[in-house]
Amino acid sequence: MTTTLSPPAVVRPAAPVPRSDRRRRIALRVLALVILYGLWEVAARTTRNPTFIPSAGAVWHQLIQTSTVHDGVRGYSGHLLIEHLGVSLRRILIGSVIGVAGGLVLGVLMGVVSWLRVVTEPVVTFVRALPPLAYFSLFIIWFGIDETPKLWLLSIAALPPVAVATAAAVQGAPTGLVEAARALGAGRWAVVRDVTLPNALPEIFTGVRLAVGMAYSSVVAAETINGVPGIGGMVRDAQRYSQTDVVVLGLFAIGLSGLLIDALLRTAENRLIPWRGRA
């Protein structure tokens with residue numbers, strides 16, 4: 001009796017997006033931006049209170065002021081806007097890398113070792129439910145007001161999403177593939193390395209994107225203490241002096257750089273996991 005093996009399924013590249021659809025998407029996004037800008041200007045002129053709602057022109061003026069040296073003043077608080085943003089991005093990068101690495105290791109262990117999952121899952125859920133400022137004060141008591149508490153805060157904020165996503169993906173590995181690998185003589189950790197983790201990569205990447213978003217949303221909290229230079233520290237200082245146009249500028253800087261980082265993560269995901277969403 002002969003057994004015929006069917007050839008492996010070929011992962012076909014996704015069909016390119018038609019040029020007309022691409023133009024339609026761009027047009028819709030431009031239209032949305034124009035509408036938002038119009039609503040912003042209407043709100044600013046209606047309130048006539050720049051402390052409450054600054055105009056787009058005032059925010060643009062602060063962009064120029066904080067990006068240059070004017071009247072002997074260098075940017076904002078002695079640092080240019082790009083320098084504030086660069087310091088915050090460095091903190092986010094370090095904190096995200098530590099949190100993602102720790103969450104990946106913890107998530108794999110939670111997914112493989114059942115008793116460890118029972119012990120650690122409530123702790124991870126508890127930490128995930130805490131707002132960053134709830135434990136930032138504790139980190140300041142332990143580590144002072146320099147970089148260490150900020151990095152700890154961003155790392156702890158980034159860890160739970162990756163741990164939860166990784167644990168769920170490892171637990172949800174196809175039983176047939178796992179049993180087939182074991183039947184061929186693979187040990188537990190070989191199965192995890194060669195079968196479970198490749199299958200879990202899409203969910204893990206989703207957790208990574210959520211983790212980076214959590215770290216980014218926590219940067220203002222991380223920079224409330226001794227946060228200058230830093231975009232969160234700049235926003236915090238501007239809030240204290242009712243400089244709403246600087247606050248809005250800082251929010252734009254955080255949001256736009258966050259969009260760029262998420263786009264880079266999605267590009268990496270498409271390159272590393274080309275089979276996601278395809279037959």
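Laboratory data are not the source of any read-out in this text; all were calculated from the coordinates shown. All figures in this text were calculated on a predicted structure; none of them were measured in a lab. Cβ sites come from the backbone with ideal geometry, for glycine too, and all protein chains shown count toward neighbours.
Using a Gaussian network model on the chain with a 10 Å cutoff between Cα atoms, which of Ala32, Ala163, Ala56 fluctuates the most? Its mean-square fluctuation being the largest, the pick is Ala32. Across the chain, the mean sequence separation of Cα contacts (distance under 8 Å, 6 or more residues apart), normalised by length, yields a relative contact order of 23 percent. Comparing Ala27, Ala158, Ala181 in a Gaussian network model of the chain, where Cα atoms under 10 Å apart are tied by springs, the biggest mean-square fluctuation is seen for Ala27. Its residue count N fixes a reference of 2.2 N^0.38 Å for the chain, and the Cα radius of gyration divided by that reference is 1.28. The Ser114 and Asp21 beta-carbon pair, evaluated with R₀ = 41 Å, returns a calculated FRET efficiency of approximately 0.30.
When the chain is treated as a Gaussian network with alpha carbon springs shorter than 10 Å, the biggest mean-square fluctuation among Gly102, Gly144, Gly207 belongs to Gly144.
Please report His84, His61 as a ranked list, fewest other C-beta atoms within 10 angstrom at the top and most at the bottom.
Values: His84 26, His61 14.
By the 10 Å Cβ count, ascending, the order reads His61, His84.
Shape annotation for segment 55-190: C-alpha extents along the principal axes are 75, 33, 26 Å, from largest to smallest. In a fully extended conformation the segment linking Ser67 and Arg240 would gain 60.2 nm over its present Cα-Cα distance, using 0.36 nm per residue. Shown for the chain are the DSSP H helices of 18 Å or more along their axis, judged by Cα atoms, with a mean Kyte-Doolittle hydropathy of at least 0.5: 81-112, 114-129, 147-171, 197-217, 244-272.
Express in whole angstrom the spacing between the alpha-carbon centres of segment 199-225 and segment 122-149. The two parts, judged by their Cα centres, are 15 Å apart.
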